[in-house]
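Trainee: Sharing a structure below in structure tokens format, with a few things to ask.
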Amino acid sequence: MKTDVIQELGWGRLVFGQTFSEIEEIGRVLRDEAGGTRDICMYLKDPHVLVALHPEEYFIDPSHTYRLDLTGEIPESTPIPGIEIRPVRTKDEAERMNRIYVLRQMVPADVEVMWDNHNHNPAVQYLVAVDTADGEIIGTVTGVDHRALFDDPDRGSSLWCLAVDPATVHAGLGKQLAITLAHRMRDAGAAFMDLSVMWDNEGAIKLYERLGFDRTPVYGIKRKNAINEKLYAKRQIEGLEELNPYSRIIADEAIRRGIRVTVLDADTGYIQLEHGGRTVITRESLSQYTTAVAMSRCEDKRVTRKIVEKAGVRVPRGRSATFDQEDVEFLDEVGALVVKPVRGEQGAGITIGVQTEKQLKDALRRAGGEGSEVLLEEFAEGVDLRILVINGRVSAAAIRRPATIVGDGETPIHELIRRHSKRRAAATGGESKIPLDDATEATVREGGYTFDDVLEAGERLQVRRTANLHTGGTIHDVTDRLSPALAQAALTATKAIDIPVSGIDLLVPDVEGEEYVFIEANERPGLANHEPQPVPAEFIDYLFPNSARTPWTWQPEKPQDPVN
């Protein structure tokens, strides 16, 4: 067996403790951990000794190790319609693996390291799950063959970085990635495959146990650093755990920088940040630096339209509903409408694609009914684009897609919706769910089905008209593809409204083109919706420009700022 074995994986190094003769040497290796990475030592014979000798530096990772015996029967791989699981093929695919890591709040990896391992180190395998409909990478897993790496006499192997895009419509990807890797490791001669799972990740633990994994007394050692702090030090911040994802992501970024965080009201998301003599109160991405005037301009969609149109931003034709024949005449004039409350958020009360008088009547009722303030806008074809602007710069851009399900040839549509809604809720901390309401049923009917029908295996069906996250919509980063024209439209809108942080919604035929219509401006955009873009870091940069962010080994590329 080779000695003093260390495997660089880009997000950190795997240190194989059984190959070291001196425990202090392991300590010296971990002490050389690079900034923005997370090293881990596994298979150390006496992990408690190293921690006892240096409690200020190291800790035992609160994860369980599970082992799958590859010498007996292991689960068979069952293909998922529309999914291909295979080794990574290009550096761009390695880049897209990183995007999934960040979506899952994992440490990203150096792409050059991953690509070098793929090409020159047979001990390391990178598998990806590809959606054959569009070629997107929607899942990944990494395997390490211990025998190939250091002539392990136990013929071990290990699974790392199993991650699935939380927005995927496909079920069972994590299971199939794990099973596929297990078969590949067995074929390579491995006797077992280990994995590490956080002690409180009940869903993953149940999955691994169903697959035949058993607990094994193997422990990991990590170095105490800002990335790992939540694993070894309970944060004594009252209310932190009760924050919603949009406030929590800001609090976590602030804590990593040493900014003092006080939760003022967990239910509503108010927190106080203090650093370097400055105190800022935020409610999610809304801070005291957004004026009441800017908020009022965003709140009333009619006012927003007037302001941005005057600044040169293109808006669809529209009018305030009068609940009479003039509304019908406007519908006849433009052909199709979007009906929405003048005030409101999260897609509540909005109906898209209204084409008949009866649909208009129903949409007006859904938007609040007679006596309420309702806006009618000409319907335009295109994808729903959110552009996030922070402090006069485009920080992220993402398209939002309506909730969609995929058939399996057996399950009724209403049950597919319920299951997918459950997965969306788990992936978003309860923020995204698909209601089984009249709007969902109407959308299913428009697709030619009823709730009780069964879709063929692999068949996709859109079940909501709007793409809002809160009704099951998904968000897909397109920052690196955003055209300068669309970026400029967002910057012009935020400047006209005079708001420092805003989510500008456009309807566009192509994110790389120049055509668009303005939909609305959001004064409190969700920063948790734009991974892998480091928008929480950019928000804290804006609030506390003198604080230092974590130097991650990988950051997604940004487009150049448009020329004004």
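The values are calculated or read from the model by the stated rules, or taken from the named source; none is laboratory data. Nothing here was measured: the structure is a model prediction, and the numbers come from that model. Backbone-built Cβ (ideal geometry, glycine too); neighbour counts: all protein chains shown. Just the protein is used for accessible areas: all its heavy atoms, side chains included, with ligands, DNA and RNA removed. Shrake-Rupley method; radii C 1.70, N 1.55, O 1.52, S 1.80 Å.
Trainee: Could you list, ordered by first residue, the pairs with Cβ atoms under 7 Å in which the first is in segment 112-131 and in a helix (DSSP H, G or I) and the second is modelled with pLDDT of 95 or more and of a type in the set (V, I, T), at least 6 apart or interchain?
Mentor: From segment 112-131, the pairs are N117/V124; H118/V88.
Trainee: Something else about it: Go over the candidates F323, F330 one by one and state the one that is among the aromatic types (F, W, Y), outside any loop (DSSP other than H, G, I, E, B) and either on the phi < 0 side of the Ramachandran plot or surrounded by fewer than 20 Cβ atoms within 10 Å (Cβ to Cβ) (or both).
Mentor: F330
Trainee: While we're on this one: Scanning for something open to solvent by 10 Å² or more (accessible area, probe 1.4 Å), closer than 19 Å to Q288 by Cβ and either among the aromatic types (F, W, Y) or within 22 Å of the chain's Cα centre (by Cα) (or both), does segment 507-523 turn up at least one residue?
Mentor: yes
Trainee: Suppose we filter segment 384-405 for residues that are modelled with pLDDT under 90 and more than 19 Å from the chain's Cα centre (by Cα); how many remain?
Mentor: Residues in segment 384-405 being modelled with pLDDT under 90 and more than 19 Å from the chain's Cα centre (by Cα): 0 in total.
Trainee: Quick one: would you say T168 is under 29 Å from the mean Cα position of the chain (by Cα) and either surrounded by fewer than 19 Cβ atoms within 10 Å (Cβ to Cβ) or at pLDDT below 95 (or both)?
Mentor: Yes.
Trainee: Quick one: how many residues across segment 469-485 are of a type in the set (A, V, I, L, M), crowded, with 21+ Cβ neighbours inside 10 Å and touching a Gly at 6+ places or on another chain (Cβ under 8 Å)?
Mentor: Number of matching residues: 1.
Trainee: Another question, then. Would it be correct to say that G368 is surrounded by fewer than 18 Cβ atoms within 10 Å (Cβ to Cβ), farther than 29 Å from A487 by Cβ and more than 31 Å from the chain's Cα centre (by Cα)?
Mentor: On the way: surrounded by fewer than 18 Cβ atoms within 10 Å (Cβ to Cβ): no; farther than 29 Å from A487 by Cβ: yes; more than 31 Å from the chain's Cα centre (by Cα): yes.
Against the criterion (surrounded by fewer than 18 Cβ atoms within 10 Å (Cβ to Cβ), farther than 29 Å from A487 by Cβ and more than 31 Å from the chain's Cα centre (by Cα)), G368 does not qualify.
Trainee: Further question on the same structure: Keeping to segment 495-509, report how many residues are touching a helix residue (DSSP H, G or I) at 6+ places or on another chain (Cβ under 9 Å) and either outside any strand (DSSP E or B) or among the acidic types (D, E) (or both).
Mentor: Initially, segment 495-509 is screened for residues touching a helix residue (DSSP H, G or I) at 6+ places or on another chain (Cβ under 9 Å), giving 496-504, 506, 508.
Retained after the next criterion (residues that are either outside any strand (DSSP E or B) or among the acidic types (D, E) (or both)): 496-500.
Matching residues across segment 495-509 total 5.
Trainee: Answer yes or no: is there a residue in segment 263-280 that is closer than 19 Å to E523 by Cα, touching a residue at least 40 places away in the same chain (Cβ under 8 Å) and surrounded by 14 or more Cβ atoms within 10 Å (Cβ to Cβ).
Mentor: Yes: one or more hits.
Trainee: Could we say that D152 is of a type in the set (D, E), more than 19 Å from E93 (Cα to Cα) and either open to solvent by 10 Å² or more (accessible area, probe 1.4 Å) or modelled with pLDDT of 95 or more (or both) here?
Mentor: Spelling it out, D152 is indeed of a type in the set (D, E), more than 19 Å from E93 (Cα to Cα) and either open to solvent by 10 Å² or more (accessible area, probe 1.4 Å) or modelled with pLDDT of 95 or more (or both).
Trainee: Tell me, yes or no, whether segment 440-450 has at least one residue that is within 24 Å of the chain's Cα centre (by Cα), surrounded by fewer than 18 Cβ atoms within 10 Å (Cβ to Cβ) and closer than 16 Å to A403 by Cα.
Mentor: Scanning segment 440-450, I find no residue that is within 24 Å of the chain's Cα centre (by Cα), surrounded by fewer than 18 Cβ atoms within 10 Å (Cβ to Cβ) and closer than 16 Å to A403 by Cα, so the answer is no.
Trainee: Please go through segment 316-353 and give me each residue that is within 23 Å of V508 (Cα to Cα), at pLDDT 80 or above and acidic (D, E), ordered by number.
Mentor: Answer for segment 316-353, where residues must be within 23 Å of V508 (Cα to Cα), at pLDDT 80 or above and acidic (D, E): just E333.
Trainee: Further question: Give the residue that is farthest from V102 (Cα to Cα), with candidates limited to residues of segment 1-15 that are open to solvent by 30 Å² or more (accessible area, probe 1.4 Å) and part of a loop (DSSP other than H, G, I, E, B).
Mentor: Here the answer is M1.
Trainee: Also: Which numbered condition trips up D327, out of (1) touching an Asp or Glu at 6+ places or on another chain (Cβ under 7 Å); (2) free of Cβ contacts under 8 Å to residues at least 60 places away in the same chain?
Mentor: (1)
Trainee: Given the criteria in contact (Cβ under 8 Å) with a residue 24 or more places away in the chain, of a type in the set (G, A, S), within 26 Å of I352 (Cα to Cα) and touching a Lys or Arg at 6+ places or on another chain (Cβ under 7 Å), does A490 qualify?
Mentor: no
Trainee: Is it the case, given these coordinates, that R419 is open to solvent by 60 Å² or more (accessible area, probe 1.4 Å), touching a residue at least 40 places away in the same chain (Cβ under 8 Å) and in contact with a Gly (Cβ under 7 Å, 6 or more places away or on another chain)?
Mentor: Judged against the criteria, R419 is not a match.
Trainee: Now a separate question. Please work out if V463 is within 25 Å of A398 (Cβ to Cβ) and modelled with pLDDT of 90 or more. Reasoning before the result, please.
Mentor: Working: within 25 Å of A398 (Cβ to Cβ): yes; modelled with pLDDT of 90 or more: yes.
So V463 passes the test.
Trainee: Further question on the same structure: Of everything in segment 373-415, what is touching a Gly at 6+ places or on another chain (Cβ under 9 Å), surrounded by fewer than 22 Cβ atoms within 10 Å (Cβ to Cβ) and among the small types (G, A, S)? Give them in sequence order.
Mentor: The answer is G407, G409.
Trainee: Additional query: On the given criteria, is S157 open to solvent by less than 10 Å² (accessible area, probe 1.4 Å) and closer than 28 Å to T3 by Cα?
Mentor: Taking the combined requirement at face value, the residue satisfies it.
Trainee: Go over the candidates T291, T304 one by one and state the one that is over 15 Å from I519 (Cα atoms) and among the β-branched types (V, I, T).
Mentor: T291
Trainee: For segment 16-39, give me each residue that is open to solvent by less than 40 Å² (accessible area, probe 1.4 Å) and among the polar types (S, T, N, Q). Outline the logic, then answer.
Mentor: Applying the first criterion (open to solvent by less than 40 Å² (accessible area, probe 1.4 Å)) to segment 16-39 yields 16-17, 19-20, 26-27, 29-30, 33, 36-37, 39.
Selection gives T19, T37.
Trainee: So, in segment 542-555, of the ones that are within 21 Å of S502 (Cβ to Cβ) and touching a residue at least 12 places away in the same chain (Cβ under 8 Å), which residue ends up most open to solvent (accessible area, probe 1.4 Å)?
Mentor: At the first step, the residues of segment 542-555 found to be within 21 Å of S502 (Cβ to Cβ) are 542-545.
When the remaining residues are screened for being touching a residue at least 12 places away in the same chain (Cβ under 8 Å), the result is 542-544.
Details: Y542: 47, L543: 0, F544: 6 Å².
Here the answer is Y542.
Trainee: With a cut-off of at least 2 residues that are out of contact with any Asp or Glu (no Cβ under 6 Å at 6 or more places or on another chain) and open to solvent by less than 20 Å² (accessible area, probe 1.4 Å), name the strands (runs of 3 or more DSSP E) lying wholly within segment 40-101.
Mentor: Per the criteria, 40-42, 58-60, 63-69.
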